[in-house]
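S.K.: Sharing a structure with you now.
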Amino acid sequence: MAPKDQPSTPRHVAIIMDGNGRWAKLRGRPRLVGHHAGARRVEEIVEACTPLGVKYLTIFAFSTENWKRTQTEVAGLMRLFKRFISAKAQELHLKNVRVRFIGDRVRLEPRLQDLMDNLELLTAENTGVNLTIALNYGSRDEVARATKRLAQDVATGKLRPADIDDETLPRYLDTCYLPDPDLVIRTSGEARISNFLLWQSAYAEYEFIDTLWPDFTEEEFRKVLSRFGQRDRRFGAVKA
């Protein structure tokens, strides 16, 4: 059982939303149908966070490696992102959700970047669930970009090399405003972390579940959170 002073509910949950394409294939449908089903599932899980006690939710929407997929699928995903943001912006705002994006935006088309910027601005004062969407995100890329910014500050004298420690780099990461994830969930039966929040998840608990993302219901989310509450998180220490 978890110690009495250990929260039974994770404050920050991160999800690798895997299995959309396989979900569609099992139904004889194009992969993009699965992605649309997955987007609808995001809405349900975001709405479930507040009653379940989750304050921060980070979802892996598109990785730096996903550009290797077919041009048709990538173009369809970009259309889906634009449509989702446009259609759900006001709804997310009215539900008091604060939305932010992490990842390298440079490669994304200007229209999508504008929608992302506008959604962040619209929801900036909201105090409910903090939804972070990783879009064109890869953790190695994130660390490389952060290191460049850190090196620039050293070069200009803003930072002394002697002052750099393990608390310095996180201030340069895309997630500098977030607490580290307590729990990382990956759906679809794959047991790998796929370049997602590598630095931030050093002490996260992991759940690899067989359910394909479009089938990941609020009830299953609740069960995963319940299992988290049974874990003994020692962070390298030993029980007294």
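None of the figures in this text is laboratory data; all of them are computed from the coordinates on show. If you're wondering where the values come from, they're calculated on a predicted model, not measured in any experiment. Positions of Cβ are generated from backbone atoms using ideal geometry, with glycine treated the same way; all protein chains shown enter the neighbour counts.
S.K.: Which of (1) assigned to a loop (DSSP other than H, G, I, E, B); (2) under 15 Å from the mean Cα position of the chain (by Cα) does GLY157 not meet, given it meets every other one?
M.R.: Of the numbered conditions (1) assigned to a loop (DSSP other than H, G, I, E, B); (2) under 15 Å from the mean Cα position of the chain (by Cα), the odd one out for GLY157 is (2).
S.K.: Of everything in segment 93-114, what is in contact with a helix residue (DSSP H, G or I) (Cβ under 6 Å, 6 or more places away or on another chain) and crowded, with 20+ Cβ neighbours inside 10 Å? Give them in sequence order.
M.R.: Hits for segment 93-114 are VAL99, PHE101.
S.K.: With the requirement that a residue be out of contact with any Asp or Glu (no Cβ under 8 Å at 6 or more places or on another chain), part of a helix (DSSP H, G or I) and of a type in the set (A, V, I, L, M, F, W, C), what does segment 9-51 give you?
M.R.: ALA24, LEU26, VAL33, ALA37, ALA39, VAL42, VAL46, CYS49
S.K.: Could you tell me whether GLY157 is over 15 Å from THR58 (Cβ atoms), in contact (Cβ under 8 Å) with a residue 60 or more places away in the chain and not acidic (Asp, Glu)?
M.R.: No; evaluated as a whole, the condition is false for this residue.
S.K.: To continue, here is another question. Being in contact with a helix residue (DSSP H, G or I) (Cβ under 6 Å, 6 or more places away or on another chain) and farther than 20 Å from ARG41 by Cβ is the filter; apply it to segment 115-125 and report the residue that is surrounded by the fewest Cβ atoms within 10 Å (Cβ to Cβ).
M.R.: Per the criteria, the residue is LEU122.
S.K.: Another one. If you go through segment 59-91, how many residues are of a type outside the set (Gly, Ala, Ser), assigned to a helix (DSSP H, G or I) and surrounded by fewer than 18 Cβ atoms within 10 Å (Cβ to Cβ)?
M.R.: Total meeting the criteria: 14.
S.K.: Whether any residue in segment 92-104 is touching a residue at least 40 places away in the same chain (Cβ under 8 Å), under 27 Å from THR168 (Cβ atoms), not in a loop (DSSP other than H, G, I, E, B) and not aromatic (Phe, Trp, Tyr) is what I want to check.
M.R.: Checked segment 92-104: at least one residue is touching a residue at least 40 places away in the same chain (Cβ under 8 Å), under 27 Å from THR168 (Cβ atoms), not in a loop (DSSP other than H, G, I, E, B) and not aromatic (Phe, Trp, Tyr).
S.K.: Of everything in segment 181-222 that's aromatic (Phe, Trp, Tyr) and either touching a residue at least 40 places away in the same chain (Cβ under 8 Å) or more than 28 Å from ASP104 (Cβ to Cβ) (or both), which residue is surrounded by the fewest Cβ atoms within 10 Å (Cβ to Cβ)?
M.R.: So, considering only residues that are aromatic (Phe, Trp, Tyr) and either touching a residue at least 40 places away in the same chain (Cβ under 8 Å) or more than 28 Å from ASP104 (Cβ to Cβ) (or both), the one surrounded by the fewest Cβ atoms within 10 Å (Cβ to Cβ) is TRP199.
S.K.: What number of residues in segment 105-143 are in a helix (DSSP H, G or I) and touching a Leu at 6+ places or on another chain (Cβ under 9 Å)?
M.R.: Number satisfying all stated conditions: 8.
S.K.: Further, regarding this structure: What number goes with the only condition from (1) surrounded by fewer than 22 Cβ atoms within 10 Å (Cβ to Cβ); (2) closer than 18 Å to ASP215 by Cα; (3) under 16 Å from the mean Cα position of the chain (by Cα) that MET17 does not pass?
M.R.: (1)
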